[in-house]
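**Student:** Dumping the structure here so I can ask a few things about it.
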Amino acid sequence: MKSPVHRCRDVEHGRGQAGSGAGSGGGGGSNCLQPEQRIPVSKDVITSSSSSALWFIRDTCGIVCAIITWLLVFYAEFVVLFVMLVPSKNLTYSIVNGTLFNTLAFLALASHLRAMCTDPVCILRWICFCYCFLFSGAVPKGNATKEYIESLQLKPGQVVYKCPKCCSIKPDRAHHCSVCKRCIRKMDHHCPWVNNCVGENNQKYFVLFTMYIALISLHSLAMVVFHFLYCFEDDWTKCSSFSPPATVILLILLCFEGLLFLIFTSVMFGTQVHSICTDETGIEQLKKEERRWAKKTKWMNMRAVFGHHFSLLWLSPFSTPDHGKAETYQYVV
């Protein structure tokens, strides 16, 4: 195969920074393709490897935030169960609210785990998906070499570019994450609370996580209000197994936590749903990038994230979305 044809374009850094981006991305060797080079792509592109690999970002800040998230949920669980429900004299009230709260908390933590440990679609996986291959690994750094491209027996007609930061092939609508140190397709943002990027493959789990956290926050606030009213009418020593000062402190802390996370996750849930309906990620909105992809209806965009067949599985973090037929994209940086 002949050497690729040069083309002066670098979407990530703009025309003026193409040269400096190439130096930082391919400084490790001269074999890396320059950011402005373009190459035709064939279906014989990639072979599968490490399909059982677990996706996890080793970022100290993200890991600490993820642990704090779980601890806060466990704290709310402790206060709801042992301060409000167990001492309650109304057995029906305790069973109904305990079941509801624990179900929502379980779904929230399951959604958090799926959002954190799901590959948000690094680019090598997306290329294979488009060509009906199965591969769940992250895009390896420096795979955009001339030798690698020439070994693919490429078919003319499609275009690829390389990322000047990680020297990897990636498609349109992909952005490089400095924390994950990989290129993520349809990257919305990097969220330290889930220690992962919110991308094409895990956006459903992130939306479910924000929704369930908002619901348990609202539920806990409602129970705190009812418990305060009940304790004011009754003897404080009988409405809780803890001392009155300890009970008040625990309830106030839970109230503050619930109110804070209700506001935060409700806003995040709303922005995510808006981003899905408009088919425009947070980064694309921030950068005001020109739309180069086909415009779809809001319902089609929702199905693209949650699955092509509407059902209760949309609300399940254990259900992997059926994204239907893969679209063909131009591969650019």
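The values are calculated or read from the model by the stated rules, or taken from the named source; none is laboratory data. It should be emphasised that the depicted structure is a prediction, and the values quoted were computed from it without experimental measurement. Cβ atoms come from the backbone with ideal geometry, glycine included; neighbour counts cover every protein chain shown. These accessible areas exclude ligands, DNA and RNA; they are computed on the full protein's heavy atoms, side chains included. Shrake-Rupley method; radii C 1.70, N 1.55, O 1.52, S 1.80 Å.
**Student:** Let's see if you can work this out: charge +1 on each Lys and Arg Cβ, -1 on each Asp and Glu Cβ, no other charges. What is the dipole magnitude of the range 178-333 about its Cα centre, in debye to the nearest 20?
**Tutor:** 860 debye
**Student:** So what's the gap between the Cα centers of the range 184-238 and the range 288-307, to the nearest angstrom?
**Tutor:** About 27 Å separates the Cα centre of the range 184-238 from the one of the range 288-307.
**Student:** Using the heavy atoms of the protein chains and a 1.4 angstrom probe, tell me the accessible area per residue for the range 245-297 in square angstrom.
**Tutor:** 60 Å²
**Student:** DSSP loop (so not H, G, I, E, B), at most 10 other Cβ within 10 Å: list which chymotrypsin sites (Phe, Trp or Tyr not before Pro) in the range 232-320 pass both filters.
**Tutor:** Hits after loop and neighbour filter: PHE318.
**Student:** Sticking with this structure for a sec: What size of dipole, in debye to the nearest 20, comes out for the range 226-284 about its Cα centre when the only charges are +1 on Lys and Arg C-beta atoms and -1 on Asp and Glu C-beta atoms?
**Tutor:** Value, rounded to 20: 240 debye.
**Student:** Here is a further query. So, counting K/R as plus one and D/E as minus one, what does the shell of residues with Cβ under 10 Å around HIS309 add up to?
**Tutor:** Surrounding charge for HIS309 is 0.
**Student:** Would you work out what percent of the accessible area of the range 190-234, with all protein chains in place, is carbon or sulfur (probe 1.4 Å)?
**Tutor:** Reported share for carbon and sulfur atoms: 76 percent.
**Student:** What full-extension length gain, to one decimal in nm, is calculated for SER178 and LEU72 as 0.36 nm per residue of separation minus the Cα-Cα distance?
**Tutor:** Residue separation times 0.36 nm, minus the Cα-Cα distance, leaves 35.4 nm.
**Student:** Taking 51 Å as R0, compute the FRET efficiency from the Cβ-Cβ separation of ALA246 and GLU290 and round it to 0.05.
**Tutor:** 0.30
**Student:** Here is a further query. How far apart, in nm, are the 7 Å Cα→Cβ label points at TYR93 and LEU312?
**Tutor:** Result for the modelled spin labels: 2.9 nm.
**Student:** Quote to one decimal, in nm, the extra length available between LEU100 and LEU81 on full extension: 0.36 nm per residue of separation minus the C-alpha distance between them.
**Tutor:** Separation in residues times 0.36 nm, less the Cα-Cα distance, equals 5.7 nm.
**Student:** Let me ask something else. Give the calculated FRET efficiency between CYS255 and CYS61 to the nearest 0.05, with a Förster radius of 45 Å applied to their Cβ-Cβ distance.
**Tutor:** The calculated FRET efficiency here is 0.95.
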